[in-house]
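Okay, so here's the structure we're looking at.
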Amino acid sequence: MVDVSQSQNSTLNRFSAALIMIGLIWLLFILQLIGIMPDLIPRLLPRHISGLPGILSMPFLHGSFAHLVSNTVPLVLFAALISLKGNRYFLQVTLFIVILSGAMLWLMGRGAFHIGASGLIFGYFGFLLMRTYYSPSIGTIIISTGVLVFYGGILYGVLPQGGGISWEGHLFGFLSGVAVAKLIGEKGVLSRR
């Protein structure tokens, strides 16, 4: 007989890192909205030393409520799919995507402030698509196919656009996700032992 409360705790623990990250994104937005932390968190500014810390903080900052809400749904879904393999796996994938995409954006992005979790979302998207190639299984095939069918249209976001959208962040996020899928693949440097 399986203890239901133990099973629920195990499931909640599996997704705890993703839930904490998303909760922190919302908390920081609310604090900025009410004026408690208006400009204390650094934003990514390419090729400026002051913009380097923004590599890590960029996914936690959003310019408007609409920006935050539009990023939340795919962020929750993709984070949950990656978290199916546990918190450690989720944290590795997230950290590598954030650092790699942020570094590329800092080196090659337009000279403007870049904020938002969309680069991370594109990184998760690329990771979930390519994970099937580097670690094929029935589970990864089902997840990759579902992600492609329901979110494949976001690939247009890697093309240059107007309106202050960081298409470079999207592009570098996607490329980072592909690279991380290879790193964490079955024979990759971060595979489970």
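The table below gives the values:
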read-out	value
Options 118, 135, 144; residue that is under 19 Å from residue 169 (Cβ atoms) and polar (S, T, N, Q)	118
Condition met for residue 163 (more than 12 Å from the chain's Cα centre (by Cα), assigned to a loop (DSSP other than H, G, I, E, B), surrounded by fewer than 20 Cβ atoms within 10 Å (Cβ to Cβ) and modelled with pLDDT under 95)	yes
Residue within region 87-108 that is out of contact with any helix residue (DSSP H, G or I) (no Cβ under 6 Å at 6 or more places or on another chain), among the hydroxyl-bearing types (Ser, Thr, Tyr), free of Cβ contacts under 8 Å to residues at least 40 places away in the same chain and in a helix (DSSP H, G or I) present	no
Those residues of region 24-41 which are in contact with a Leu (Cβ under 7 Å, 6 or more places away or on another chain) and not in a helix (DSSP H, G or I), in sequence order	37, 41
Residue match in region 53-71 (condition: in contact with a helix residue (DSSP H, G or I) (Cβ under 7 Å, 6 or more places away or on another chain) and either loosely packed, with under 10 Cβ neighbours inside 10 Å or at pLDDT below 90 (or both))	no
All positions within region 20-36 that are surrounded by fewer than 14 Cβ atoms within 10 Å (Cβ to Cβ), modelled with pLDDT under 90 and on the phi < 0 side of the Ramachandran plot	34, 36
Residue tally, condition part of a helix (DSSP H, G or I) and loosely packed, with under 12 Cβ neighbours inside 10 Å, over region 42-52	2
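The values are calculated or read from the model by the stated rules, or taken from the named source; none is laboratory data. As the structure is a prediction and not an experimental result, all values here were calculated from the model. We place every Cβ from the backbone using ideal geometry, glycine too, and count neighbours over all the protein chains shown.
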